[in-house]
1. Would you say residue 199 is surrounded by 22 or more Cβ atoms within 10 Å (Cβ to Cβ) and in contact with a helix residue (DSSP H, G or I) (Cβ under 7 Å, 6 or more places away or on another chain)?
2. Please go through segment 77-118 and give me each residue that is assigned to a loop (DSSP other than H, G, I, E, B) and at positive phi, ordered by number.
3. Please count how many residues of segment 272-282 are in contact with a strand residue (DSSP E or B) (Cβ under 7 Å, 6 or more places away or on another chain) and under 19 Å from residue 322 (Cα atoms).
4. Which condition breaks for residue 104 when tested against (1) without any contact (Cβ under 8 Å) to a residue 12 or more places away in the chain; (2) more than 22 Å from the chain's Cα centre (by Cα)?
5. Given the residues 146, 157, which is the only one that is surrounded by 15 or more Cβ atoms within 10 Å (Cβ to Cβ), farther than 16 Å from residue 315 by Cβ and in contact (Cβ under 8 Å) with a residue 40 or more places away in the chain?
């Protein structure tokens, strides 16, 4: 409907007006692309058409009011893990007592299809840590594509994550972690030790830590490394899975407040100096950052405790459908609003 309105409106005036083009801007409704439109600022030459032009302007403004931001553009990274893509990654381990299995058939292992996978898909990236040694252990897989947002733009990472937990076993508290802006050399760890680069978010699969949801932000990007749960950027007011926000996102899992034995879609977005983290579209972190967090996207797994899961094969994380996309700054609506003021003054 927006497309028809704009198209018909500008077609009527095409041969009787002067048009100032601002290039192509793509808009979204939810997660789906509605249209790619050239937004024109129409300057009337003939007063009889001003009322129609104003109506078109107000229709556009109303439509843009319903659209939160510009959409993502072409993907910089896209990996569905259906084939062995290990050559696209640099894997960094802290002790070597961990594994990364690319193109792992998680469907055959009894795990349901990831929410953004197509029927017939089955591959993912399986990761484990502290398999046998009984000591804290970390592993991080950095995608080798250097992500550097173009000037005036940001980017976001989206990935499906499954935390496989055997609640009948011991030693089950382990972390998945997802990051952006990494250096490709330093493994990520939220505790024991605190280690990392860029930014990453870590979370447990079964709520076994006082800090089940926590993030790291490198000091070069404005962070104090690991951020306490009481920090204002932690929207739950806590890092513990018992907090109301996490309980509302994961209300019916085996351990409410944690993504226990379910898929969750994690999104990290760095845009306009604002860093956000969401589970399934529910924002849990909203923090300022400096710079543009250029660097490498990462997926990882960690056991920050010495206890070994028994059996250790029952405790792991799976990733699927990793996508990193450029996100335009939300400036188009502001430009259109300025143009509307100019047209209003001419009326």
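Just so it is clear, none of the values below were taken in a lab; they were calculated from the coordinates. In this text, all values refer to a predicted model and were calculated from it rather than measured experimentally. Cβ atoms come from the backbone with ideal geometry, glycine included; neighbour counts cover every protein chain shown.
1. Yes: the conditions hold for residue 199.
2. 81, 96, 110
3. Number of matching residues: 6.
4. (1) is the only condition that residue 104 fails.
5. The conditions single out 157.
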